[in-house]
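**Q** Structure provided below as structure tokens; questions to follow.
The values are calculated or read from the model by the stated rules, or taken from the named source; none is laboratory data. Since the model is a prediction, treat every value here as computed from it, not as a measurement. We place every Cβ from the backbone using ideal geometry, glycine too, and count neighbours over all the protein chains shown. What goes into the accessible areas is simple: the full protein's heavy atoms, side chains included, and nothing from ligands, DNA or RNA. Shrake-Rupley method; radii C 1.70, N 1.55, O 1.52, S 1.80 Å.
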Amino acid sequence: MIRFFRSRRNLVLENLVLRQQLALLKRRRPRPRLALVVKLFWVTVSRFWSGWKKALIVVRPETVVRWHRAGFRFYWGLISRVRKPAGRRRVSREVRDLIFRIVAENPTWGAPRIHGELLMLGFDLSERTISRWMRRAPRDPDPAKRWLAFLRNHREAIAAMDFFSVPTITFGVLYCFFVISHDRRRILHINVTRHPTSLWTVQQFARGVSIWVGSKVRHLRS
């Protein structure tokens, strides 16, 4: 009576799967190996027939589910190898090493400056990509080397000033104020006093700055 009221589609599918399993069991092996076609057959049946578990005899339903997952992984693994890679263009090792070198030799440069330098060298990268690789650049653990690199890169625009004292033969002290240009190690201004006051120091500072600015203007004009 149950078979009489069941749909013809279910009867056909049940007959098909039972015949397929019967053919497997007729093989003279205690545990017949299932071919890839058989696995594909059961994966397909499980997707289109809700009663496939009741008619399954040769393996457990969990095995069919495992076949389906393995096929899913194989399909997408094959697609990922065959299809062209998507997303942003990969940055070559040569460009990465060049960015790391620029960051190490020019610690005061930002991403816009490095982006412009790379464009002049023929490397077309976005400023955001350069900023991302700058954060990954290895840092120099020695602060002295970073300060030396800063002085080397900007010595044309740097002047230093300081005091030093000189003891005299009469047990007095002379206070010397000087301004030196870093590019040529040239003394721009120097003066000496026995009693350095704040007003005198400001006057020497202004004098040294004016001489340094004047020398830079003459250098640019030449």
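**Q** Consider T170 against the criteria (1) more than 23 Å from N153 (Cα to Cα); (2) hydroxyl-bearing (S, T, Y); (3) modelled with pLDDT of 85 or more; (4) out of contact with any Cys (no Cβ under 9 Å at 6 or more places or on another chain): it satisfies all of them except one. Which criterion is unmet?
**A** Among (1) more than 23 Å from N153 (Cα to Cα); (2) hydroxyl-bearing (S, T, Y); (3) modelled with pLDDT of 85 or more; (4) out of contact with any Cys (no Cβ under 9 Å at 6 or more places or on another chain), T170 violates only (3).
**Q** Kindly indicate whether any position in the stretch 195-211 is under 19 Å from D97 (Cβ atoms) and assigned to a helix (DSSP H, G or I). Quick ask: steps written out before the conclusion?
**A** Of the residues in the stretch 195-211, the ones under 19 Å from D97 (Cβ atoms) are none.
Within the stretch 195-211, not a single residue is under 19 Å from D97 (Cβ atoms) and assigned to a helix (DSSP H, G or I).
**Q** I'm trying to understand the selection: among the residues of the stretch 100-135, which are within 16 Å of A149 (Cβ to Cβ) and part of a helix (DSSP H, G or I)?
**A** Going residue by residue through the stretch 100-135, those that are within 16 Å of A149 (Cβ to Cβ) are 100-110, 113-114, 117, 134.
Once the filter is applied, which keeps residues that are within 16 Å of A149 (Cβ to Cβ) and part of a helix (DSSP H, G or I), the stretch 100-135 yields F100, R101, I102, V103, A104, E105, R113, I114, E117, M134.
**Q** Do we have any residue at all in the stretch 167-176 that's farther than 17 Å from L98 by Cβ, open to solvent by 70 Å² or more (accessible area, probe 1.4 Å) and in a strand (DSSP E or B)? Spell out how you get there, then give the answer.
**A** Going residue by residue through the stretch 167-176, those that are farther than 17 Å from L98 by Cβ are 167-176.
From what's left, open to solvent by 70 Å² or more (accessible area, probe 1.4 Å): 167, 169-171, 175.
Still in the running and in a strand (DSSP E or B): 167, 175.
For the stretch 167-176, residues farther than 17 Å from L98 by Cβ, open to solvent by 70 Å² or more (accessible area, probe 1.4 Å) and in a strand (DSSP E or B): present.
**Q** Looking only at the stretch 179-204, count every residue that is more than 15 Å from F163 (Cβ to Cβ) and surrounded by 14 or more Cβ atoms within 10 Å (Cβ to Cβ) and tell me the total.
**A** 4
**Q** Just one of (1) open to solvent by less than 40 Å² (accessible area, probe 1.4 Å); (2) free of Cβ contacts under 8 Å to residues at least 40 places away in the same chain; (3) closer than 15 Å to A160 by Cα trips up G214, so point out which.
**A** So G214 meets the others, but not (3).
**Q** When the stretch 174-219 is examined, which residues are found to be polar (S, T, N, Q) and out of contact with any strand residue (DSSP E or B) (no Cβ under 6 Å at 6 or more places or on another chain)?
**A** Start the filter on the stretch 174-219 by keeping residues that are polar (S, T, N, Q), which leaves 181, 191, 193, 197-198, 201, 203-204, 210, 215.
The answer is T197, S198, T201, Q203, S210, S215.
**Q** Looking at the stretch 153-165, can you tell me whether even one residue there is among the polar types (S, T, N, Q), under 34 Å from the mean Cα position of the chain (by Cα) and under 30 Å from R101 (Cβ atoms)?
**A** Of the residues in the stretch 153-165, the ones among the polar types (S, T, N, Q) are 153, 165.
Next, only the ones that are under 34 Å from the mean Cα position of the chain (by Cα) stay: 153.
Restricting the remaining residues to those that are under 30 Å from R101 (Cβ atoms) gives 153.
Yes, the stretch 153-165 contains at least one residue that is among the polar types (S, T, N, Q), under 34 Å from the mean Cα position of the chain (by Cα) and under 30 Å from R101 (Cβ atoms).
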